[in-house]
Amino acid sequence: MVKAFIFSIDAFVAFTLILIVLHSLIYFVTIPPSYYSALMQANYLARDALSSITIANASNVLGDSVLENITLLEYIMQNRNNAEIQTYIGTTIPNEYGYAFEFFDSKTHTWETIYNTKDQSLDLHNKEYHKLRASAYSMFFGYTDSNRNGFSNPFCYKTCNPNKNLFDCSTTLCDRSMIYKAGNATLGLVRLIVYR
């Protein structure tokens with residue numbers, strides 16, 4: 001006689017159901033959440049938009065040679081004009097996303113909202129935060145007024161510029177308060193939030 005292995009139908013059904021459940025669990029656990037790609041896209045949008053205005057030279061973008069030594073971020077922070085923020089930041093972010101541009105002042109230790117699409121009725125960007133939000137940060141440093149008054153040497157060396165008649169080249173006296181005037185500096189953090 002030959003021995004046979006008997007496999008009942010109820011054991012076969014139970015084994016099949018266990019395999020289906022295990023396969024389904026593995027399948028659903030390995031799939032990332034549906035908003036993950038949108039969150040990554042929001043992060044890239046915030047980082048790229050902020051880094052582009054941090055790197056861009058204001059004179060090249062605006063065509064003004066007076067702004068040669070400042071970046072577009074410094075220009076935006078000096079003027080804080082909504083139209084400029086819409087032009088240089090808003091055009092890089094699609095309309096299905098909303099964005100907020102904020103400044104953290106190191107003196108007051110508070111976040112100041114400079115621009116937010118939810119407050120702008122004419123802006124076509126998204127107005128409400130529903131499911132995702134990503135931020136990008138950049139340091140901001142700038143002078144609120146000029147740190148020099150036109151003299152070429154702030155260290156009281158015997159130098160002069162006779163062509164500009166700034167002071168008598170024969171004098172050896174030095175008054176530091178007259179030659180060099182320190183300006184007021186602003187140091188803070190800029191944050192661009194992209195939300196959907």
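The values are calculated or read from the model by the stated rules, or taken from the named source; none is laboratory data. Quick caveat: nothing in here was measured; it's all calculated off a predicted structure. What goes into the accessible areas is simple: the full protein's heavy atoms, side chains included, and nothing from ligands, DNA or RNA. Shrake-Rupley method; radii C 1.70, N 1.55, O 1.52, S 1.80 Å.
Some notes on this structure:
- For region 83-138, radius of gyration divided by Kirkwood radius, i.e. Rg to Rh on alpha-carbons: 0.98
- Our note on the geometry: Cα centres of region 33-83 and region 10-29, 52 Å apart.
- Element breakdown for region 49-112 at a 1.4 angstrom probe: carbon and sulfur atoms account for 49% of the accessible area.
- Added length on full extension, which subtracts the Cα-Cα distance from 0.36 nm per residue, residue 122 to residue 52: 22.8 nm
- Per residue, region 14-142 exposes an accessible area of 63 Å² to a 1.4 Å probe, with every protein chain left in place.
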